[in-house]
Amino acid sequence: ELSFDRFHAESDRVYRITTHLRLSDVEYNLAATPFPAAHVIGSEIKGIDKAVRIFPQQLVFESGDNKFEERALFADHEFFKVFGFTLTQGDRSKVFLDPASVVLTKAAATRLFGSNPAIGKNVVMNGNTLRVTGIMEDVPDQSHLKFDAIMPLSFQLNQWEKETGLEGRENKWFWIGAYTYVLLHPAAHSENVQGDLAAIVEKYFPV
């Protein structure tokens, strides 16, 4: 159990933000947070280096006659700057520049493309065409994040904006649907950040 997530180079500085609510005398302890929280935390707390959101889904990917349901994540563009998953192909600073892109694990790439190169090829996900911009090592067993494909969260946000406009649920504090992770500055102390988080709650999400 103590080996989980230790393969990330900055594992000692990565924290997950959780939500504690008390409504009608019922307490809720949730691993997820409201979608706007990451931006506010990253911009208003000095001890935070980066803040990223993750939105997990089960999605069907197709390439030619190959069709598989995969564990997928939508994530903010700095995901690979917070987490040390190994890319074997693709530039970790550029794989998410295009919202219609996807990074596949080696296993997922083999399922979809066989022995043919996958980088630069297209896959279809829920009727949308995505370009493969990166290939990564399969996720280690000692990772609490489990996925076979990862895509820019901007793609999903664009889809929601088309459906509901700018006032959609992804912009509301009442929808607790994102997993938010932060990378602390090397000199930051988690206790101080914890105190600053309380002020964020009072300002944006009083209950």
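What follows draws every value from the coordinates through simple rules; no lab data is involved. Predicted, not measured: the structure shown is a model, and the values here were computed from it. Please note: Cβ atoms are built from the backbone with ideal geometry, for glycine as well, and neighbour counts cover all protein chains shown.
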(message) If I histogram all Cα-Cα distances within region 58-120 using bins 10 Å wide from 0, what percent of pairs lands in each bin?
(response) 19, 53, 28, 1
(request) Work out from phi, with θ = phi - 60° and the Karplus expression 6.51 cos²θ - 1.76 cosθ + 1.60, the ³J(HN,Hα) of each residue of region 19-30, listed in order in whole Hz, and give x for Gly and Pro. (result) 10, 10, 10, 10, 10, 6, 6, 10, 9, 10, 10, 10
(request) Would you mind checking which residues have amide H under 5 Å from Gly177's amide H? H placed 1.01 Å from N; only 5 or more apart, or other chain. (result) Thr33, Phe35
(message) Sorting check: for 2-11, 83-92, which peptide has the highest mean count of neighbouring beta carbons within 10 Å, and how do the rest follow?
(response) 83-92, 2-11
(message) Please state the shape class of region 106-153: rounded when a/c is under 1.5, otherwise prolate if a/b exceeds b/c and oblate if not, all from the C-alpha gyration tensor.
(response) oblate
(message) Skipping prolines and chain starts, which residues have an amide H placed within reach, meaning under 5 Å, of the one on Lys121, given they are 5 or more residues away or on another chain?
(response) Val132
(message) Tell me the mean residue ellipticity at 222 nm calculated for the chain from its helices only (DSSP H runs of n ≥ 4, each -39500 (n - 2.57), averaged over every residue, nearest 500).
(response) -6500 deg cm²/dmol
(request) Would you mind checking the pairs Lys172/Lys203; Lys50/Lys203; Lys94/Lys121 and listing those with alpha carbons more than 19 angstrom apart? (result) Lys50/Lys203
(message) Between [x] 53, 39, 30; [y] 73, 37, 26; [z] 55, 48, 34, which entry matches Cα extents along the principal axes in Å as derived from the coordinates of this structure?
(response) [x]
(message) Classify region 95-207 from the C-alpha gyration tensor, please: rounded if a/c falls under 1.5, else prolate or oblate depending on whether a/b exceeds b/c.
(response) oblate
(request) Give me the Kirkwood hydrodynamic radius of region 34-156, using the inverse of the mean 1/r over all pairs of distinct Cα atoms, in Å to one decimal. (result) 14.8 Å
(message) What distance in nm separates the two pseudo spin-label positions at Lys106 and Asn171, each 7 Å out from Cα along the beta-carbon direction?
(response) 4.4 nm
(request) At 0.36 nm per residue, minus the direct Cα-Cα distance, what do Thr129 and His185 gain on full extension? Give it in nm, one decimal, please. (result) 16.4 nm
(request) Give the relative contact order (percent, whole number) for the chain; include only Cα pairs under 8 Å separated by 6+ residues. (result) 33 percent
(message) I need the peptides 66-75, 39-48 ranked by packing, meaning the mean over residues of other C-beta atoms within 10 angstrom, with the highest value on top.
(response) 66-75, 39-48
(request) Assuming 1.306 mPa s and 10 °C, estimate D for region 51-94 with Stokes-Einstein, Rh taken as the Kirkwood radius over Cα pairs, in µm²/s. (result) 129 µm²/s
(request) Determine the gain in length on full extension of the stretch Thr88-Arg6; use 0.36 nm per residue of separation and subtract their C-alpha separation, reporting nm with one decimal. (result) 27.6 nm
